[in-house]
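For reference, the structure discussed in these notes is given below.
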Amino acid sequence: MKPHRLTFAFQLTVTLLACAFLMVPAGASILAGFTVNYFRGVSSGLTLKWIGEVLALYSDTIALSIAIALGTLGVTLLIGVPAAWALARRPSRLTRLVEEVVTLPVAIPGLALALALILAYGGIREFRMSPLFILTGHVLYTLPFMLRAVMAVLAAVDVRTLEEGAASLGASPLQRFFHVVVPNARGGILAGALMVVTLSIGEFNLTWMLHTPLTKTLPVGLADSYASMRLEIASAYTLVFFVMIVPLLVALQLFGRTVQGAAR
Amino acid sequence: MHSADRLARLFLLPLFLFVAAFFLLPMVRLVGVAGSGPNGLAEYLAILTNPRHLATLLATLALSAAVTAATLAIGTVVALFLARNRFVGRPLLVSLLTLPLAFPGVVVGFMVILLAGRQGLLSSLSMGLGMGRWVFAYSMAGLFAGYVYFSLPRVLVTLMAAVEKLDPALEEAARSLGASRAQVMRDVTLPGIAPALMASGAIAFATAMGAFGTAFTLATRIDVLAMTIYTEFTLNANFATAAALSIALGLITWMVLALTRNFAGSGVAAAG
């Protein structure tokens, strides 16, 4: 159906306004990160000084965020991939219930999860003060995404038939898992991994409650800089975050498309 | 398959242990702490009985409803436009519109400050036009803008997929039977994407209810549930109230998501 001319003009206007609403502040932030004085505008000159200051002030938060994201990825792979196979193998009411409980942390605000973790384990000082406390929160929040991604692919490629074939050739369950299940679930594992890392690097709701002065992640540092630093430094710091997160997002979108295409 | 069953059980064990230790047990503790304050078990209902908390709850619900309505309205128009038109630069436009998917709430708060804060773009624009100074970032309006910013890309991804799946022949048939464009929109197109509207609306609503980063960046003076929980816990050390309010908040977001998922599920089943 060809849209009416007026409808077309209206839709086009709304689309362009929405795009401007999303992109203009992001552009302003990138520009401000390179501007000598944002209040006076670009005419005050361009500089890399703010980026340098951010790296000097906050590089420890960047390193910690990367370390926690990789740690979270490791744990979600270790726990999530085998469990996804076990759950997808024979869907029943019980496996549905397990899936439901495991995915609950996504439906509950991070603030509530963090409070519960602090009330339960805040008294154990070594744990509370270590980055492992944040890592635990991140695993809790990202594990459902890994599980779902892997389970979706396992359901799509009919891995059970492949497994039966391997079993009839004498492969043990463990051999089948590593040589049949994992290779066939590759797409889901990769999509889940990208999702886990992206979410972990940007996580704030849980992390703000779980962090200590010695365990600050990038988003925690960002909140700090928004509250206490000049706009140019806050912008340069945001730019560093963009540089880390945007490639992950692009990979996720490209990859998500091929995984969905393969599943169809 | 006997040994495979044993392996499956072994593989589920780490998941069970992790969820039991770091989710179920902390949740039990949260419920326990909420009921052990000076008000005893009455604290569970503090969100309804304490006038200040009730007002905050109502304000948060109103804000979330407004965010959901605005995001769905904008999202539907944009999704219809992008799915029905092919033009140069369309892939770029789609990429730009979905790029903010990965921005956390704190960063979205900063975007709102750059747009409508004291040194913001709207501030200098309105000053330049001699229309006074527009600064609304640090208020409920700023939070509204922030949550729309946060949810719009997510809603768009879901709605665009739903519109692409709609069979254009249905709309053409309705037109050829004499339905007006408005009727086609009301009776064919919108019902067709209703499951996607429900699902993405629920996520936008639950996010606006529970999100914390954007409110934290914009100001601590905005009375929304997440800020109240944070202040009660960290500044007032009022653990029982903070725990009781988080339980209420968690129940609301979980219920909204569970209910609409069931609706959306049956909608999809009925369509298929």
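The values are calculated or read from the model by the stated rules, or taken from the named source; none is laboratory data. Since the structure is predicted, the reported quantities are computational estimates derived from the model, not experimental observations. Here the Cβ positions follow ideal geometry from the backbone for every residue, glycine too, while neighbour counts run over all protein chains shown.
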Handout entry: Residue selected from segment A:79-92 under the condition more than 7 Å from chain B (Cβ to nearest Cβ) and assigned to a helix (DSSP H, G or I), by the criterion surrounded by the most Cβ atoms within 10 Å (Cβ to Cβ)
Key = A:80
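Pick from A:214, A:199, A:206, A:194: which is over 25 Å from residue B:3 (Cα atoms), of a type in the set (A, V, I, L, M, F, W, C) and surrounded by fewer than 17 Cβ atoms within 10 Å (Cβ to Cβ)?
Values: A:199 fails: surrounded by fewer than 17 Cβ atoms within 10 Å (Cβ to Cβ); A:206 fails: surrounded by fewer than 17 Cβ atoms within 10 Å (Cβ to Cβ); A:194 fails: surrounded by fewer than 17 Cβ atoms within 10 Å (Cβ to Cβ).
Result: A:214 is the single residue among A:214, A:199, A:206, A:194 that is over 25 Å from residue B:3 (Cα atoms), of a type in the set (A, V, I, L, M, F, W, C) and surrounded by fewer than 17 Cβ atoms within 10 Å (Cβ to Cβ).
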Exercise for the section: Need at least 3 residues that are in contact (Cβ under 8 Å) with a residue 24 or more places away in the chain, buried (at least 20 other Cβ atoms within 10 Å of the Cβ) and of a type in the set (Ser, Thr, Tyr) per element, so show me which helices (runs of 4 or more DSSP H) inside segment B:137-239 make the cut, counting only ones lying wholly within it. Expected result: B:140-165
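Suppose we filter B:152, B:190, B:170 for residues that are assigned by TED's automatic domain parsing to the domain that holds residue B:71, more than 25 Å from residue B:103 (Cα to Cα) and modelled with pLDDT of 90 or more; which single one remains?
Details: B:152 fails: more than 25 Å from residue B:103 (Cα to Cα); B:170 fails: modelled with pLDDT of 90 or more.
Exactly one of B:152, B:190, B:170 is assigned by TED's automatic domain parsing to the domain that holds residue B:71, more than 25 Å from residue B:103 (Cα to Cα) and modelled with pLDDT of 90 or more, namely B:190.
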Exercise for the section: Would you point out the residue of segment A:22-49, among those that are touching a strand residue (DSSP E or B) at 6+ places or on another chain (Cβ under 9 Å) and assigned to a helix (DSSP H, G or I), that is farthest from the other protein chains (Cβ to nearest Cβ)? Expected result: A:49
Exercise for the section: Filter segment A:100-156 for residues that are touching a residue at least 60 places away in the same chain (Cβ under 8 Å), among the small types (Gly, Ala, Ser) and surrounded by fewer than 24 Cβ atoms within 10 Å (Cβ to Cβ) and give the result. Expected result: A:130, A:152, A:155, A:156
Practice task
Output the number of the condition that residue A:171 fails; it satisfies all remaining conditions of (1) within 12 Å of chain B (Cβ to nearest Cβ); (2) surrounded by 18 or more Cβ atoms within 10 Å (Cβ to Cβ).
Solution key: (2)
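The rows are residues; the columns are (1) more than 23 Å from residue A:253 (Cβ to Cβ); (2) more than 15 Å from the chain's Cα centre (by Cα).
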site	(1), (2)
B:44	yes, yes
B:52	yes, yes
B:67	yes, no
B:77	no, yes
B:89	no, yes
B:99	no, yes
B:103	no, no
B:107	no, yes
B:113	yes, yes
Exercise for the section: Would you mind stating whether residue A:10 is facing chain B (nearest Cβ under 10 Å) and not polar (S, T, N, Q)? Expected result: yes
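Quick check, is residue A:12 more than 22 Å from residue A:154 (Cβ to Cβ) and either in the same structural domain as residue A:193 (by TED's automatic domain parsing) or modelled with pLDDT under 90 (or both)?
On the way: more than 22 Å from residue A:154 (Cβ to Cβ): yes; either in the same structural domain as residue A:193 (by TED's automatic domain parsing) or modelled with pLDDT under 90 (or both): no.
The answer is no for residue A:12.
Being touching a Leu at 6+ places or on another chain (Cβ under 8 Å) and among the small types (Gly, Ala, Ser) narrows it down to one residue among A:193, A:236; which is it?
Criteria check complete, one pass: A:193.
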Practice task
From B:24, B:54, B:10, B:45, grab the single residue that is out of contact with any Cys (no Cβ under 7 Å at 6 or more places or on another chain), of a type outside the set (Lys, Arg) and at pLDDT below 90.
Solution key: B:45
Problem - Spans of helices (runs of 4 or more DSSP H) in segment B:80-136 with at least 2 residues touching a Gly at 6+ places or on another chain (Cβ under 9 Å) and at pLDDT below 90 - result: B:121-128
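Please go through segment B:13-36 and pick out each residue that is buried (at least 18 other Cβ atoms within 10 Å of the Cβ) and either more than 28 Å from the chain's Cα centre (by Cα) or among the hydrophobic types (A, V, I, L, M, F, W, C) (or both). So that I can check it myself, show each step before the final result.
First pass over segment B:13-36, keeping only residues buried (at least 18 other Cβ atoms within 10 Å of the Cβ): B:15, B:18-19, B:22-23, B:26-27, B:29-30, B:33-34.
Scanning segment B:13-36 gives B:15, B:18, B:19, B:22, B:23, B:27, B:30, B:33, B:34.
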Problem - Criterion: surrounded by 15 or more Cβ atoms within 10 Å (Cβ to Cβ) and more than 11 Å from chain B (Cβ to nearest Cβ) - qualifying residue of A:73, A:97 - result: A:73
Exercise for the section: Restrict the check to segment B:49-64 and report whether at least one residue is more than 20 Å from residue B:154 (Cα to Cα) and outside any helix (DSSP H, G or I). Expected result: yes
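Restricting to segment B:83-105, name every residue that is among the aliphatic types (A, V, I, L, M) and either more than 7 Å from chain A (Cβ to nearest Cβ) or closer than 17 Å to residue A:30 by Cβ (or both). Break it down into steps so the answer makes sense when it comes.
Restricting attention to segment B:83-105, the residues satisfying the condition of being among the aliphatic types (A, V, I, L, M) are B:83, B:88, B:92-94, B:96-97, B:99, B:101-102.
Residues satisfying the conditions are B:83, B:88, B:92, B:94, B:96, B:99, B:102.
Going by what's in this entry, would residue B:121 be described as facing chain A (nearest Cβ under 7 Å), without any contact (Cβ under 8 Å) to a residue 60 or more places away in the chain and more than 21 Å from residue B:202 (Cβ to Cβ)? Break it down stepwise before answering.
Values: facing chain A (nearest Cβ under 7 Å): yes; without any contact (Cβ under 8 Å) to a residue 60 or more places away in the chain: yes; more than 21 Å from residue B:202 (Cβ to Cβ): yes.
Yes: the conditions hold for residue B:121.
Does any residue of segment A:50-68 turn out to be in a helix (DSSP H, G or I), facing chain B (nearest Cβ under 10 Å) and within 30 Å of residue A:224 (Cα to Cα)? Please lay out each step first, then the result.
Here is the first cut: in segment A:50-68, the residues in a helix (DSSP H, G or I) are A:50-68.
With facing chain B (nearest Cβ under 10 Å) added as a condition, the list becomes none.
Within segment A:50-68, none of the residues are in a helix (DSSP H, G or I), facing chain B (nearest Cβ under 10 Å) and within 30 Å of residue A:224 (Cα to Cα).
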Practice task
Give segment B:1-44 a look and list any residue that's over 30 Å from residue A:128 (Cα atoms) and in a helix (DSSP H, G or I), or say none.
Solution key: B:2, B:3, B:4, B:5, B:6, B:7, B:8, B:9, B:42
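Pull up segment A:216-239, narrow it to residues that are among the hydroxyl-bearing types (Ser, Thr, Tyr) and either part of a helix (DSSP H, G or I) or over 19 Å from the mean Cα position of the chain (by Cα) (or both), then point me to the one that is farthest from the other protein chains (Cβ to nearest Cβ). Walk me through it before giving the result.
Taking segment A:216-239 first, the residues among the hydroxyl-bearing types (Ser, Thr, Tyr) are A:217, A:225-226, A:228, A:235, A:237-238.
Adding the requirement that they be either part of a helix (DSSP H, G or I) or over 19 Å from the mean Cα position of the chain (by Cα) (or both) leaves A:225-226, A:228, A:235, A:237-238.
On the way: A:225: 9, A:226: 5, A:228: 12, A:235: 8, A:237: 9, A:238: 6 Å.
So the residue we want is A:228.
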